[in-house]
Structures are given as structure tokens and as C-alpha cells.
1. In terms of the Cα gyration tensor, with a ≥ b ≥ c the square roots of its eigenvalues, is the stretch 14-55 rounded because a/c is under 1.5, prolate because a/b exceeds b/c, or oblate?
2. Kirkwood hydrodynamic radius of the chain from all distinct Cα pairs, in Å?
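Where a number appears in this text, it was derived from the coordinates with a stated rule and is not lab data. Treat the numbers as computed from the prediction; the structure is a model and nothing was measured.
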Amino acid sequence: MTRLLAQMTIADLEPAIKWYATLFGRDPDARPMDGLAEWHLAPTFGFQVWADAERAGRSTMVVDESDWTTSPPG
């Protein structure tokens, strides 16, 4: 595993950005696509807010893997 991003799915992006910017003490580090903002909290960890009204309130996790040739256990 090379990076972990915790993701909170929200209904409305701009109010969420303001709230999390206050929590983290700064604006997002990146807005890589429409509906997504992220904060890089450490070299291998970050937090994302993703706008999707139908899934709002649910969270997910993004795991970057360095070696996709390795099969998962089991």
C-alpha cells in the first residue's frame, strides 16, 4: 500500500469544503475533478469529499497499491 485516502460522500460540495477547510485549517490541496476536493494530510494519507447526493453520508476508502501483479490473499 502506498497511499490511503479517506473519503466522505456529501450532498453539496461547497459547504462541505468550507466546513472541512475550517477543520483542517486550510483550503483543499487539490480539486482533481468536478465534485471532488482533497486534503493531503501526510505524504501517504489524505482526505476527500465527494459530491454525490444519492450516497451522501456514506464513506469509503481509496487504497493505492504499488504492485498490482500481486494477488490479494485468499
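1. Working: a/c = 1.94, a/b = 1.35, b/c = 1.44.
In terms of gyration-tensor shape, oblate.
2. Across the chain, the inverse of the average 1/r is 13.2 Å.
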